[in-house]
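Nothing in this text is a laboratory measurement; each read-out follows from the coordinates by a stated rule. Just so we're clear, the structure is a prediction, and the values are computed from it rather than from any experiment. Please note: Cβ atoms are built from the backbone with ideal geometry, for glycine as well, and neighbour counts cover all protein chains shown.
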Amino acid sequence: MISTRKYQTAAERQAAYRRRTAEATRTLLASKGLPGPAAVPTMPSPRRWNAMSRQACTLLEQMRQEMEAYQSERSEAWQESERAEEHEERLGCVEEALAAVQELLPAPAQPRAQR
């Protein structure tokens, strides 16, 4: 049985493969609640750094939420223990880091007035 070619050239086949793998990666990250890769993957620039800052904010926010949920699920005895104090200190550090990274984000663009 003769099979028909799905792609006319190797370049088309390769491009389709890259699209499929990129989509699979995005789907996997989204299913785990993680942000996607940086907008500009390799070139150092403000656009890349802004994307990286947004990604860091997302991860730190997720970490903060998980740490707060963990803390609230513990018993009263745990809440009064030394481990709870250490956990609270770590949570404070995460919140400080989140605030510092949020300062790196650009201000939202103001809509331009119509002429």
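Once the principal axes of the Cα atoms of the chain are found, what is the range along each, listed largest first in whole angstroms?
73, 57, 28
Which is farthest toward the positive dipole end of the chain among ILE2, LEU60, ALA97, measuring Cα position about the Cα centre, with Cβ charges +1 (Lys, Arg) and -1 (Asp, Glu)?
Highest projection toward the positive end goes to ILE2.
With point charges of +1 on the Cβ of Lys and Arg and -1 on the Cβ of Asp and Glu, referenced to the Cα centre of the chain, which listed residue (SER72, PRO108, THR25) lies farthest in the positive direction of the dipole?
Farthest along the dipole direction, towards plus: THR25.
Select from segment 4-79 those GluC sites (Glu not before Pro) which occupy a DSSP coil region and have at most 12 other Cβ atoms within 10 Å, ordered by residue number.
Values: sites: GLU12, GLU23, GLU61, GLU66, GLU68, GLU73, GLU76; in loops: GLU73.
Loop-located and lightly packed - GLU73.
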